[in-house]
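The values are calculated or read from the model by the stated rules, or taken from the named source; none is laboratory data. As the structure is a prediction and not an experimental result, all values here were calculated from the model. Cβ atoms come from the backbone with ideal geometry, glycine included; neighbour counts cover every protein chain shown. We work out accessible area using only protein heavy atoms, side chains counted, and drop any ligands, DNA or RNA first. Shrake-Rupley method; radii C 1.70, N 1.55, O 1.52, S 1.80 Å.
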Amino acid sequence: MMKILLKVSGSIAAFKAAALASKLVQNGFEVQTVMTESAKDFIGAGTFEGLTGKRVATDLFEDGHRMEHIWLARWAELTLFYPASADSIAKLAQGRASDLASTLFLAHDFKSPYWISPAMNPTMFSHPAVQANLLKLKEYGAVVLTPDRGRMACGEYGDGRLIEPEALLSQLLEYKNLRRSQGRVLVTAGGTFDPIDSVRGITNTSTGETGVKLAETLSERGFAVTLLLSKTATVTLPKLDGIEVHRFTTYQDLDRALKHELETHDFLACVHAAAVGDFDAELASESGKISSREAVTLTLKPRGKILSRLKEYSKNKALKLISFKLTVGEWDEARLHSEYSMSDLVIQNDLSRIQKGGAQHEAQIYLRSSQGFTLLNQPKTKVDIFETVVKVLSEAAAAEV
Ligand SMILES: Cc1cc2nc3c(=O)[nH]c(=O)nc-3n(C[C@H](O)[C@H](O)[C@H](O)COP(=O)(O)O)c2cc1C
């Protein structure tokens, strides 16, 4: 749910903020209202509390809520001053911190948008003082919405009428769609390297290429991508601008990094393309270490799959999970249900159908629904595989809106 901080100031149009709050809640937004003292002269706080299901914040010094002037600014994914009076606009432009609404503006870091929707008499709106203040706010990074032109409560006709709630709702839905279509995706790539002793280890032949190329494709298509890439990956990293990259070595490193990322950020999806070692290696030798003079026994003990824990780690419980399964020779679809029941999309390919360094990269892609897995398509190249992933994730992003 997208979090909106709705600030309401003392304008005759304040009643429209109640209509907007109602529409926002109906459209799946979470709304926290902040009212100035004057706003309460125009509309009751109870109306907003009833509509949003949240206590209305007004007072900087309210017992038990004295830190809200910082927390609410951090909490909001978008702040909307609706209606913004000439007086409140002046307070923001001057950098005042004389009430909760203005103090919250100083605590706003512009990592999330700050929209200002002015409402006032046309003569007031065209006054150079108001225009200069609005210009300053734009320079600070706020978005100043152009008020409507029309008949005002005072009988005058002109610019300064508060934008209608329906029109603002459409703008907010559009913004939400845009933001969501660029949802965050976590991609893993490359193979794990698990030490046997201080100089030796077990790894695999994964180059990291599939994961890295997929990360690039997703980034180009507007997703915010975090890439967890193994240090043993040999793939060259030509176009990683805009992709956040963290490196890992062992199974434990990768597990920790996934847990941290998924717990901390709201990811739409995790594309788990890393080749994770299946075994814990246990060394047995008479001397307790590897020596070229004696035989050693290495016991490989199967270990839990990281894949099965990802949804548990994830802050977003609706996380889409995309897994890769490389097989050598045999593939039994029953394994989808036993090993990949947590995955939403499974890309299975067999080593014999992959042309190393070439275009051919045949795969079978299975999609999970409430009825179980169905074969979605059988791409012939990596590009086709990536297109399927982009399509599935774009649909998931749209469905979250
Ligand atoms: C009936 C009435 C209607 C008002 N409407 C507006 C308005 O639409 N826009 C505006 O900027 N000021 C308007 N004001 C003036 C503000 O309420 C006043 O400047 C107040 O100090 C604003 O405080 P605030 O910005 O802290 O809410 C109105 C005042 C009254 C008495």
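Of all residues assigned to segment 96-110, at least one qualifies as being among the charged types (D, E, K, R), part of a loop (DSSP other than H, G, I, E, B) and away from the ligand (no atom under 12 Å from the Cβ).
So that you can scan it fast, the table gives a plain yes or no per residue for (1) away from the ligand (no atom under 16 Å from the Cβ); (2) modelled with pLDDT of 95 or more; (3) more than 28 Å from L5 (Cα to Cα); (4) assigned by TED's automatic domain parsing to the domain that holds V225:
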site	(1), (2), (3), (4)
R151	no, no, yes, no
G155	no, no, yes, no
E164	no, yes, no, no
L172	yes, no, no, no
G191	yes, yes, yes, yes
G201	yes, no, yes, yes
T205	yes, no, yes, yes
G208	yes, no, yes, yes
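Screening the candidates L321, L310 for the property of being surrounded by 14 or more Cβ atoms within 10 Å (Cβ to Cβ) and part of a helix (DSSP H, G or I) yields one hit, L310. Cβ-Cβ distances below 6 Å connect the following pairs, each with a first residue in segment 107-130 that is within 24 Å of A97 (Cβ to Cβ) and in the same structural domain as W71 (by TED's automatic domain parsing), a second residue that is open to solvent by 20 Å² or more (accessible area, probe 1.4 Å) and in a loop (DSSP other than H, G, I, E, B), and a separation of six or more residues or different chains: F110/G141; S112/E77. Against the test of being within 26 Å of the chain's Cα centre (by Cα), of a type outside the set (G, A, S) and away from the ligand (no atom under 15 Å from the Cβ), the options L168, L145 yield a single qualifying residue, L168. Residues in segment 275-290 that are surrounded by 12 or more Cβ atoms within 10 Å (Cβ to Cβ) and assigned to a strand (DSSP E or B): 5 in all. K40 meets each of the listed conditions (1) within 15 Å of the ligand (Cβ to nearest atom); (2) part of a helix (DSSP H, G or I); (3) open to solvent by less than 30 Å² (accessible area, probe 1.4 Å) apart from (3).
With respect to being under 24 Å from H108 (Cα atoms) and either at pLDDT below 95 or more than 12 Å from the ligand (Cβ to nearest atom) (or both), Q26 falls outside the description.
Return yes or no: is E263 within 30 Å of W75 (Cα to Cα) and at pLDDT 85 or above? So E263 fits the description; yes.
Taking segment 45-95 as the region of interest, none of the helices (runs of 4 or more DSSP H) fully inside it holds 2 or more residues being basic (K, R).
Evaluation of G160 against the conditions (1) more than 10 Å from the ligand (Cβ to nearest atom); (2) closer than 27 Å to S22 by Cα; (3) not acidic (D, E) shows that the sole unmet condition is (1). Of (1) modelled with pLDDT under 90; (2) in the same structural domain as S219 (by TED's automatic domain parsing); (3) of a type in the set (A, V, I, L, M, F, W, C), A284 satisfies all except one. Which? The failed condition is (2). Exactly one residue among V346, V390, V383 is open to solvent by less than 70 Å² (accessible area, probe 1.4 Å) and part of a helix (DSSP H, G or I), and that residue is V390. Within segment 111-124, the residues that satisfy the criterion of being more than 30 Å from the chain's Cα centre (by Cα) and open to solvent by 30 Å² or more (accessible area, probe 1.4 Å) are N121, T123, M124.
The rows are residues; the columns are (1) away from the ligand (no atom under 16 Å from the Cβ); (2) surrounded by fewer than 24 Cβ atoms within 10 Å (Cβ to Cβ).
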{"position": "I4", "(1), (2)": "yes, no"}
{"position": "A17", "(1), (2)": "no, no"}
{"position": "S22", "(1), (2)": "yes, yes"}
{"position": "A45", "(1), (2)": "no, yes"}
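Put simply, of S102, S126 the only residue that is closer than 20 Å to A39 by Cα, of a type in the set (S, T, N, Q) and at pLDDT 95 or above is S102. Checked against (1) open to solvent by less than 50 Å² (accessible area, probe 1.4 Å); (2) under 19 Å from A318 (Cα atoms); (3) modelled with pLDDT under 90, S181 passes all but condition (1). The criterion of being more than 27 Å from K23 (Cα to Cα), open to solvent by 20 Å² or more (accessible area, probe 1.4 Å) and in contact with a helix residue (DSSP H, G or I) (Cβ under 8 Å, 6 or more places away or on another chain) does not hold for E139.
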